[in-house]
Each structure stands twice: as structure tokens, then as C-alpha cells.
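These notes concern the structure reproduced below.
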Amino acid sequence: MSRTDAATAQPSASGLAPDAGGRRLPRTLHPVAWWIWALALATAVSRTNNPLLLFLVLAVLGYVITMRRTEAPWARGFKYYLYLALTVVAIRVVFRAVFATGITPHDHFLFSLPHLPTPDWYAGIQIGGPVSLEALLSAATDGLRLACMLCCIGAANTLANPKRALRVLPGALYELGVAVTVSISVAPQLVQSVQRVHRARRLRAGRSKGLRALRGIIVPVLEDALERSLRLAAAMDSRGYGRAGTATRRSRRATGALMLLGMCGLCAGAYGLLDATAPVLLGFPALAAGGVLCVAGLRLGGRRITRTTYRPDPWRAAEWAVAGCGVLSAVLLFSNAGFNAAELNPSIYPLSWPTLPLVPAAAILLAGAAGFLAPPPTPPVRPAVPAQRTEEVT
């Protein structure tokens with residue numbers, strides 16, 4: 001009788017094989033690239049009211065998230081953004097049905113709600129009355145556009161690590177960035193808490209349906225959120241959050257004045273570019289002056305905060321490709337090149353099936369190229385399985 005140890009191949013500690021065949025190694029894309037891609041796609045969505053293009057945007061978002069999301073807690077909450085999008089569409093349709101406006105004799109009437117008389121000071125708004133198919137379709141398309149914009153923001157939150165995005169902000173925006181990061185992280189953390197409490201209830205054979213189950217889930221989730229907020233406040237206070245540093249009162253006032261004047265210049269410049277009747281100086285010159293003042297305020301305010309960076313996130317060809325395909329998609333939809341602008345916002349009168357313009361559809365599909373242009377996400381590290389001993393009978 002002799003004992004031998006069976007030789008088994010063990011995975012590496014990182015779970016990654018060496019790149020012998022020239023393949024791209026898994027790494028995490030820069031979070032700013034995902035935000036630029038998502039905001040550019042949301043800008044492109046604001047340009048159209050075509051339901052076919054809006055559904056195509058949702059399909060592109062689903063494809064990119066499926067291909068490039070990680071196993072982090074914030075990467076599991078996109079379905080809740082879809083629920084929120086459906087809620088937005090439903091609320092928009094209900095409001096249009098209740099506050100009936102814009103009904104013409106040529107509409108296709110569906111049903112009629114009880115009419116409630118309104119006082120004279122409430123004139124112009126009708127509560128109840130006839131509801132037409134055209135009115136509901138118009139409300140649904142408007143709500144669908146807003147829902148797609150919400151899903152674009154949800155895609156950015158799903159694909160990008162909000163804590164890593166905080167590191168690339170200027171020093172003057174550090175406090176604001178921390179507040180935004182904490183607010184963005186609330187939804188994924190609540191989703192994680194709900195899932196954890198739900199699993200615990202199932203392990204304890206608790207009731208998983210009905211109002212009793214809802215009450216049993218909400219109370220632990222709120223308690224967990226309160227404890228997490230107290231721990232976060234203590235951690236931020238111990239790290240000197242909100243400290244003035246070595247900045248004098250004069251420098252802080254100068255920073256605030258530069259930022260305020262810069263924001264006023266940006267607002268005035270944006271108004272001048274959008275209004276064709278505005279003076280020439282209220283357009284691009286005001287926008288450029290506001291940008292210069294904002295940059296000066298950020299540089300001056302960033303001197304009082306000293307931060308070190310450990311392993312900075314690289315910006316390589318993949319980041320340029322992902323951000324570029326999103327920006328190019330928005331530029332193509334705003335350029336009106338190769339298609340009629342009326343195809344982006346089809347009219348419901350007369351009622352007809354909308355057409356799918358080829359150039360805007362290709363521009364949206366171009367944004368979907370981020371699904372394979374971005375590097376594959378890093379797989380989760382799995383613990384190595386110890387080698388098993390076997391006996392051979394000789």
C-alpha cells in the first residue's frame with residue numbers, strides 16, 4: 001500500500017492567466033470614461049422623441065452593461081433604474097389622462113374620466129374628461145425619453161466605481177465630490193441591504209410575501225442605513241473633512257468670487273449661444289470668460305488641499321475609444337447630417353407608425369461599441385481549492 005499526492009493544476013492568486021496569446025488582460029476602465037459615454041448618450045437621447053430610437057438606446061445600454069459590468073455591489077442595481085424608468089412613464093401617462101389637455105375632435109377617444117369642476121383662479125387646467133389615444137401616446141413617448149436619460153445615468157453608476165471617480169476631481173471640488181459620491185452610493189447600498197435582509201429572512205424561513213414581509217425588511221434596512229451613515233460621519237470627521245487647511249479668509253473669498261463669476265459667465269454664454277437674438281458678446285466670449293474664471297477658481301481653491309494618489313487610474317486607448325463613441329453619437333444626432341430632423345421627433349397627428357432613420361440608428365449603435373471596445377472586467381478572485389489526497393492500491 002503506497003500513498004501518492006495527485007497533482008492538480010491550481011489557479012493563480014489573481015485568477016488571471018498570463019497573456020500569452022496577445023489578448024487584452026482584464027482591467028477596470030477609467031470611471032470618467034464611462035461617465036462621458038453615458039452623459040453623451042443622454043444628450044443624444046434629449047435630441048429625439050422617436051420611440052424606436054429610444055428603445056434602441058435601452059437595448060444598447062442593456063448590451064453594454066451585460067458585457068462590461070463587474071461583480072461590485074453598485075453594479076447590480078441597474079434593474080432598479082429600469083423599475084424607476086417604468087414608474088416615470090406610468091406617472092406621465094396617468095397625469096396626462098387626469099389633466100386632459102390638447103384634445104381635438106379628430107383624436108381617437110378611448111374612455112372618459114369623471115370631470116371635476118375647477119374654480120376661476122384655476123382656469124386653463126381641466127381635471128378629468130375624455131382621454132384620447134394620441135394624448136396617451138404623446139405622454140408615453142415623453143416619459144420614455146426621460147426614462148432613457150435616467151437609465152443612462154444608471155448605466156454610469158453601474159459601470160463606474162464612484163469612489164474611484166472621486167480621486168480625479170480637482171482639489172477645490174473635493175468636499176462637493178465626497179457629497180456627490182455618498183449620495184450616488186446610497187442607492188446601491190440600499191439595494192445591497194435589501195438583498196442581504198431578504199436572504200436572511202429566507203434562511204430563517206420567514207414569510208417572503210405580503211405586507212408583513214415588507215415591514216420586516218424595511219426596519220432592518222433603515223437601521224442598517226442609519227448605522228452606516230453614523231460610521232461614515234465619524235470616518236469623515238476623523239479624516240478632517242471640511243477643514244480649511246492653510247487657506248486664509250482672503251483666499252477663500254477670492255475663490256468663491258471667481259467661481260461665482262465663472263458660473264454666471266457660463267450661464268450667460270450658454271444663453272447667448274441658444275438665443276439667436278442675443279448680443280454677440282453674450283455668446284462664446286462670455287462662455288470662454290466664464291470657463292477661464294472657473295478654472296482659476298479651481299486652481300486657487302485646490303492649493304489648500306494636498307492629496308496623494310496610490311496607483312492612479314491610467315487613461316489609455318480604451319478610455320479614448322469608449323468616451324469617443326459616446327460623444328460621436330451625440331454629435332451625429334445634433335449635426336442633422338444625412339437625415340431629416342423631423343424624423344427624430346415624429347408627429348402623432350395624423351396617427352402613424354414612426355420610421356427608423358438610418359443615420360441616427362447607426363449613431364446609437366456606435367455608442368454600443370463600448371461593449372467590446374472597453375477591456376473586460378476583472379473576474380472575482382476565488383479562493384484556491386486545496387489539492388486532494390488520493391490513495392492508490394498497488
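Bear in mind that the values in this text are calculations on the coordinates, not laboratory data. The structure presented is a predicted model; accordingly, all values stated were derived computationally and were not measured. Every residue, glycine among them, receives a Cβ derived from its backbone with ideal geometry; neighbour counts consider all protein chains shown.
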Worksheet item: How would you rank Tyr349, Tyr81, Tyr63, going from fewest to most other Cβ atoms within 10 Å of each one's own Cβ?
Response: Tyr349, Tyr63, Tyr81
Worksheet item: Amide H of Leu113: which non-local residues (sequence gap of 5 or more, or other chain) have their own amide H closer than 5 Å, using H built in the peptide plane?
Response: Gly129, Val131
Worksheet item: What is the fewest-to-most order of Asp313, Asp275 by other Cβ atoms lying within 10 Å of their Cβ?
Response: Asp275, Asp313
Item to complete: Evaluate E = 1/(1 + (r/R0)^6) for Leu273 and Trp353, where r is the Cβ-Cβ distance and R0 equals 30 Å; express this FRET efficiency to the nearest 0.05.
Response: 0.25
Worksheet, complete the sentence: With a Förster distance of 41 angstrom and the Cβ-Cβ distance between Leu110 and Ile153, calculated FRET efficiency to the nearest 0.05 equals 0.80
